[in-house]
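Step one of this worksheet: look at the structure below.
The values are calculated or read from the model by the stated rules, or taken from the named source; none is laboratory data. In this text, all values refer to a predicted model and were calculated from it rather than measured experimentally. Cβ placement follows ideal geometry from the backbone for every residue including glycine, while neighbour counts extend to all protein chains displayed.
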């Protein structure tokens, strides 16, 4: 009987640890790039990678003053054919994923930058 109680306790501790790791997203950095999306087309990201529409969408003009969150896109300004960039964000339980999409000589709707970041991150 005592052996079964110990096994049950160990299983409970193991399951609790798994829930904590998942809830606090311990195996990911606060902010990390999604390099596999950079250079791809927005339609690829929406249909193959995210498999749903974005939860949030807005546009920015790279020729205007940008906030800290969107300012990182300025490193890609030289490849843009148009100053308007679309910003799409998908929300998940523990994190968000955002892509910046613009028109370049290579293609319309090219993903210029993509990041994954924890919900607790403040920009």
Limited to segment 56-69, what total is found for residues that are at pLDDT 95 or above, out of contact with any helix residue (DSSP H, G or I) (no Cβ under 8 Å at 6 or more places or on another chain) and closer than 14 Å to residue 99 by Cα? 4
Segment 1-26, residues that are in a helix (DSSP H, G or I), under 19 Å from the mean Cα position of the chain (by Cα) and either free of Cβ contacts under 8 Å to residues at least 24 places away in the same chain or closer than 24 Å to residue 68 by Cβ (or both): 21
Can you find a residue in segment 61-76 that is surrounded by 11 or more Cβ atoms within 10 Å (Cβ to Cβ), part of a strand (DSSP E or B) and in contact (Cβ under 8 Å) with a residue 12 or more places away in the chain? yes
Among the numbered conditions (1) outside any loop (DSSP other than H, G, I, E, B); (2) at pLDDT 95 or above, tell me where residue 53 comes up short. (1)
Say we look at segment 27-39 and pick out the residues that are surrounded by 12 or more Cβ atoms within 10 Å (Cβ to Cβ), within 21 Å of residue 112 (Cβ to Cβ) and under 15 Å from the mean Cα position of the chain (by Cα); which of these is modelled with the lowest pLDDT? 31
Which of (1) in contact (Cβ under 8 Å) with a residue 24 or more places away in the chain; (2) part of a loop (DSSP other than H, G, I, E, B) is the odd one out, the single condition residue 29 does not satisfy? (1)
